[in-house]
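**Student:** Shown below is the structure under consideration.
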Amino acid sequence: MDKKNIVILSGAGISAESGIKTFRDGDGLWENHRIEEVATYDAWLNNRDLVLEFYNQRRKQLLTCEPNDAHRQLVILEEKFNVQIITQNVDDLHERAGSKNVLHLHGELLKVRSTADERLVYDWKIDLVNGDKCEKQSQLRPHIVWFGEPVPMMDAAAKLAAKADIFIVIGTSLVVYPAAGLLHYTDYTVPKYVIDPNRPVVSNIQPIEYITEKASIGVRKLVERLMVE
Ligand code: APR
């Protein structure tokens with residue numbers, strides 16, 4: 001029998017137990033900055049040094065973090081299912097845990113790209129500074145989808161969501177579109193699970209089961225069930 005397709009939409013909550021702060025849980029600030037100060041195209045135009053330094057810090061922090069049990073448990077699902085992860089996270093913790101198919105909707109911290117040609121993407125593990133250029137001699141920027149920018153991977157993600165036999169949402173407040181709309185691309189008969197200690201609001205979606213736990217616990221429970229069903 002063909003393997004079933006599991007599609008997973010993950011957000012900042014899955015990496016919280018690895019020590020990476022979520023965006024909307026705390027004081028409204030993201031690592032001491034308002035989001036519009038550091039994560040918008042306007043910020044890049046008006047305050048390039050601050051934006052570069054902010055992402056340099058995030059990159060350094062990421063290199064000190066490890067995948068947690070939630071990332072690792074998802075890898076077990078690959079023994080029985082075709083598993084596709086769609087993540088809003090810019091960290092590489094799913095990959096480091098061993099997940100094979102990871103689509104990054106909002107970019108990747110460990111990559112940079114040309115400002116002249118968005119197809120020129122490079123691996124990057126050191127500080128990115130004003131003056132670092134691509135092969136076409138234009139400034140390099142973080143490979144991040146900032147607020148106000150298009151989400152180039154959205155079409156691919158929607159196609160994957162439409163093929164899901166089971167859809168799992170982990171650790172996202174589901175307030176940022178278009179990512180939050182991915183659930184609506186699934187067939188209405190597809191079982192859907194939401195793992196999050198603070199139930200995000202999901203409207204007009206059935207059947208849905210909430211697992212109101214932090215990711216490490218909730219993912220373990222669900223994986224145990226899915227592996228024996
Ligand atoms: N386990 C699971 N979920 C958790 C945990 C945990 N240990 N801790 C917090 N959460 C949940 C919160 O309850 C919340 O619902 O994770 C979610 C985090 O929500 P956000 O901070 O809004 O993060 P996310 O949904 O990923 O943000 C979406 O917004 O700023 C942009 O581009 C950025 O990709 C990001 C997007």
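**Student:** Give the range 185-201 a look and list any residue that's away from the ligand (no atom under 11 Å from the Cβ) and surrounded by 15 or more Cβ atoms within 10 Å (Cβ to Cβ), or say none.
**Tutor:** Step one: list which residues in the range 185-201 are away from the ligand (no atom under 11 Å from the Cβ), which gives 185-193.
Selection gives Tyr185, Thr186, Val190, Pro191, Lys192, Tyr193.
**Student:** Here is a follow-up. Is it the case that Glu78 is assigned by TED's automatic domain parsing to the domain that holds Ser216 and either buried (at least 21 other Cβ atoms within 10 Å of the Cβ) or out of contact with any helix residue (DSSP H, G or I) (no Cβ under 6 Å at 6 or more places or on another chain) (or both)? Steps first, please.
**Tutor:** Values: assigned by TED's automatic domain parsing to the domain that holds Ser216: yes; either buried (at least 21 other Cβ atoms within 10 Å of the Cβ) or out of contact with any helix residue (DSSP H, G or I) (no Cβ under 6 Å at 6 or more places or on another chain) (or both): yes.
So Glu78 passes the test.
**Student:** Then there is this: Take the residues of the range 139-180 that are within 17 Å of Asp91 (Cα to Cα) and more than 10 Å from the ligand (Cβ to nearest atom): which is surrounded by the fewest Cβ atoms within 10 Å (Cβ to Cβ)?
**Tutor:** Looking at the filtered set, the residue picked out is Met153.
**Student:** Mind checking which residues of the range 81-93 are in contact with a helix residue (DSSP H, G or I) (Cβ under 8 Å, 6 or more places away or on another chain), more than 14 Å from Glu17 (Cβ to Cβ) and not β-branched (Val, Ile, Thr)?
**Tutor:** Residues of the range 81-93 that are in contact with a helix residue (DSSP H, G or I) (Cβ under 8 Å, 6 or more places away or on another chain), as a first pass: 81, 83-93.
Retained after the next criterion (residues that are more than 14 Å from Glu17 (Cβ to Cβ)): 81, 83-88, 90, 92.
Result: Phe81, Gln84, Gln88, Asp92.
**Student:** Can you tell me which residues in the range 108-138 are surrounded by 11 or more Cβ atoms within 10 Å (Cβ to Cβ) and in contact with a Ser or Thr (Cβ under 9 Å, 6 or more places away or on another chain)?
**Tutor:** Ser114, Thr115, Ala116, Asp117, Leu120, Val121, Tyr122, Lys133, Cys134, Ser138
**Student:** If I go through the range 73-105 residue by residue, how many of them are within 16 Å of the ligand (Cβ to nearest atom) and either outside any loop (DSSP other than H, G, I, E, B) or touching an Asp or Glu at 6+ places or on another chain (Cβ under 6 Å) (or both)? Spell out the reasoning first.
**Tutor:** Taking the range 73-105 as the starting set, the residues that turn out to be within 16 Å of the ligand (Cβ to nearest atom) are 73-74, 85-94, 97, 102-105.
Checking the rest, the ones that are also either outside any loop (DSSP other than H, G, I, E, B) or touching an Asp or Glu at 6+ places or on another chain (Cβ under 6 Å) (or both) come to 73-74, 85-87, 90, 93-94, 97, 102-104.
Number satisfying all stated conditions: 12.
**Student:** With Ala16, Ala70 as the choices, which residue is in contact (Cβ under 8 Å) with a residue 12 or more places away in the chain, closer than 30 Å to Leu140 by Cβ and within 10 Å of the ligand (Cβ to nearest atom)? Walk me through how you get there before you give the answer.
**Tutor:** Working: Ala70 fails: closer than 30 Å to Leu140 by Cβ.
After ruling out the rest, the residue left standing is Ala16.
**Student:** Return the total of residues in the range 59-74 being within 16 Å of the chain's Cα centre (by Cα) and surrounded by fewer than 19 Cβ atoms within 10 Å (Cβ to Cβ). If you could, list the steps in order and put the result at the bottom.
**Tutor:** Residues of the range 59-74 within 16 Å of the chain's Cα centre (by Cα): 59, 62, 65-68, 70-72, 74.
The next check asks that each one be surrounded by fewer than 19 Cβ atoms within 10 Å (Cβ to Cβ); those that pass are 65-66.
The qualifying residues number 2.
**Student:** Further, regarding this structure: So if I check each of Tyr193, Tyr177, which one is in contact with an Asp or Glu (Cβ under 6 Å, 6 or more places away or on another chain), outside the structural domain of Trp44 (by TED's automatic domain parsing) and either closer than 30 Å to Arg59 by Cβ or at pLDDT 95 or above (or both)?
**Tutor:** Working: Tyr177 fails: in contact with an Asp or Glu (Cβ under 6 Å, 6 or more places away or on another chain).
After ruling out the rest, the residue left standing is Tyr193.
**Student:** Test Lys21 against the stated conditions and say whether it is over 19 Å from the mean Cα position of the chain (by Cα), under 25 Å from Ala215 (Cα atoms) and either in contact (Cβ under 8 Å) with a residue 12 or more places away in the chain or surrounded by fewer than 18 Cβ atoms within 10 Å (Cβ to Cβ) (or both). Reasoning before the result, please.
**Tutor:** Details: over 19 Å from the mean Cα position of the chain (by Cα): no; under 25 Å from Ala215 (Cα atoms): yes; either in contact (Cβ under 8 Å) with a residue 12 or more places away in the chain or surrounded by fewer than 18 Cβ atoms within 10 Å (Cβ to Cβ) (or both): yes.
Against the criterion (over 19 Å from the mean Cα position of the chain (by Cα), under 25 Å from Ala215 (Cα atoms) and either in contact (Cβ under 8 Å) with a residue 12 or more places away in the chain or surrounded by fewer than 18 Cβ atoms within 10 Å (Cβ to Cβ) (or both)), Lys21 does not qualify.
The values are calculated or read from the model by the stated rules, or taken from the named source; none is laboratory data. Worth saying up front: this structure is predicted, and the values here are computed from it rather than measured. Note that we place each Cβ from the backbone using ideal geometry, even for glycine, and neighbour counts take in every protein chain shown.
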